[in-house]
Amino acid sequence: MREYLLTLCITAAVTYLLTGPVRKFAIVAGAMPEIRARDVHREPTPRLGGIAMFFGMCAGLLAADHLTNLNEVFEKSNEPRALLSGAALIWLIGVLDDKFEIDALIKLGGQMIAAGVMVMQGLTILWLPVPGVGTVALTQWQGTLLTVALVVITINAVNFVDGLDGLAAGMVCIAAAAFFMYTYRIWYSYGIEAAAPATLFAAVLMGMCLGFLPHNMHPARIFMGDSGSMLIGLVLAAGAISVTGQVDPDVMKLFSGSERNTVHQMVPVYIPLLMPLTIIAIPAADFVFAVVRRTWRGQSPFAADRGHLHHRLLQIGHSHSRAVLIMYFWAALIGFGALAYSVNSASMWIVLGIVFLSFIGLVLLLLPRFTPRAPRWAQHLVPPRYRRRRAATAPAASTPAPSTPAAQAPSAREAHDTCGVAAGVAGVNGATAVGPRSR
């Protein structure tokens, strides 16, 4: 565990330290597109944050290769090298898209090629545990097609959910934390060394997201772009493929006792089929709804719009930060709920806890206008938006009446909020390489 935590910290530190220079490079390179109709940010913001995340991943894998215990993962398995090859290819395609806006079909082809590169190096699904049947061995073509499909779906699901500041990085980090606990339990409790690569991938993925989040939280100073969203989607899919298709369920020796006990004991075997779906449940649902919505309108499935789940949260009245936190909550509920059920599937308290938390999540969705106010003794400890507003003490008669032109003219703040900001205007977020942001 210490070596996994060290790998996570190294990945997070390298990603965090490189994001600042990468932001300046993105501004100089012109990877800062103008505000589009579907965007929710108001100031031109540089992309290419995936560059820092990719080098953070490389640093984490390099550090793990020189550690005593994690070095065995590189000696006994070719999966880390397969991940690095596929990640380098998908990252390069993302960098080109952030700069030149390449066609969606070209990106789809690149995603399939990256998945094929990983399959050629051994990162593929070899068998599937099917309830009621047992372990089913897959042919080479079946394993390849299933692996490519899972990689493409996961990459596009994460890419679709990347619409608000800190949303994609935070949700993937939560999913990676739940996945790390699950794979570490398989590796440590059952002594299955085949689960070690997936555990390493989850630790590196958490480091990538945690190192990038301080720069990407609202208001974001830099976006990860497709170079980052497709990269973390590929790493997430690689971990799911590794633990689903590489870990032999027979090694766990769970087939013992009565039929009822066997069903309960087999839950950790069936969870790999569900865990990749639960960790991307919200992005996958958003992906499916977007495809159906655009196809129904006669548009391309890859045509951009403002109908995603996070856009709907903003439309019903939630603030930017609250919409992100609500998405975090549901991602954590689904991911850690599946994890808790895999540990003890016979406990009714786990089911009741998930139902209770789901009720809380629904209440949060129905209260978009509610803004909590801190008590007076804690006014200086909370952000200004949570402080109580003081009533005006000056009499109304002492306030001079504004002239008609001044009263009709909007303030500078209102004009800034209602109109877009063109790229290159001095003083806006992302338009200058150095200096503090204007508040």
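The values are calculated or read from the model by the stated rules, or taken from the named source; none is laboratory data. Remember, it's a predicted structure, so these values are computed and weren't measured experimentally. Ideal geometry is used to build each Cβ from the backbone, glycine not excepted, and the neighbour counts take in all protein chains shown. When the accessible area is computed, the model is the full protein with side chains, heavy atoms only, and any ligands, DNA or RNA have been set aside. Shrake-Rupley method; radii C 1.70, N 1.55, O 1.52, S 1.80 Å.
Tabulated results
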{"item": "For Thr135, residues with placed amide H under 5 Å, excluding near neighbours", "result": "Val130"}
{"item": "Sequence-distant residues sharing a close amide H with Trp127 (under 5 Å, placed H)", "result": "Leu138"}
{"item": "Cut-off 20 Å, label 7 Å out along Cα→Cβ of Ser189, residues of the stretch 150-176 by amide N", "result": "175-176"}
{"item": "Fraction of accessible area attributable to carbon and sulfur, the stretch 132-226 (%, probe 1.4 Å)", "result": "66"}
{"item": "For Leu123, net neighbour charge (Lys/Arg +1, Asp/Glu -1) across residues whose Cβ lies under 13 Å away", "result": "0"}
{"item": "GluC sites (Glu not before Pro) within the stretch 56-157, DSSP loop, no more than 14 other Cβ atoms inside 10 Å", "result": "Glu101"}
{"item": "Dipole of the stretch 1-112 [Lys/Arg +1, Asp/Glu -1 at C-beta], most positive-end residue of Ala64, Leu84, Met32", "result": "Met32"}
{"item": "Segment Trp377-Leu6, extension gain: residue separation times 0.36 nm, minus the distance between their alpha carbons", "result": "129.6 nm"}
{"item": "Residue-normalised accessible area of the stretch 42-170, expressed per residue, 1.4 Å probe, Å²", "result": "42"}
{"item": "Cα→Cβ-extended label distance, 7 Å offset, between Ala88 and Phe359, nm", "result": "5.4"}
{"item": "Placed amide H near Gly163: partners under 5 Å, 5+ positions off or other chain", "result": "Ala168"}
{"item": "The stretch 81-120 - percent of accessible surface contributed by carbon and sulfur, probe 1.4 Å", "result": "78"}
{"item": "Label-point separation, Glu75 to Trp349 (7 Å along Cα→Cβ), nm", "result": "4.3"}
{"item": "J(HN,Hα) series, the stretch 229-234, from Karplus relation 6.51 cos²θ - 1.76 cosθ + 1.60, nearest Hz, glycine and proline x", "result": "5, 5, 5, 5, x, 5"}
{"item": "For the stretch 325-333, Karplus couplings with θ = phi - 60° (6.51, -1.76, 1.60), whole Hz, Gly/Pro x", "result": "5, 5, 5, 4, 4, 5, 5, 5, 5"}
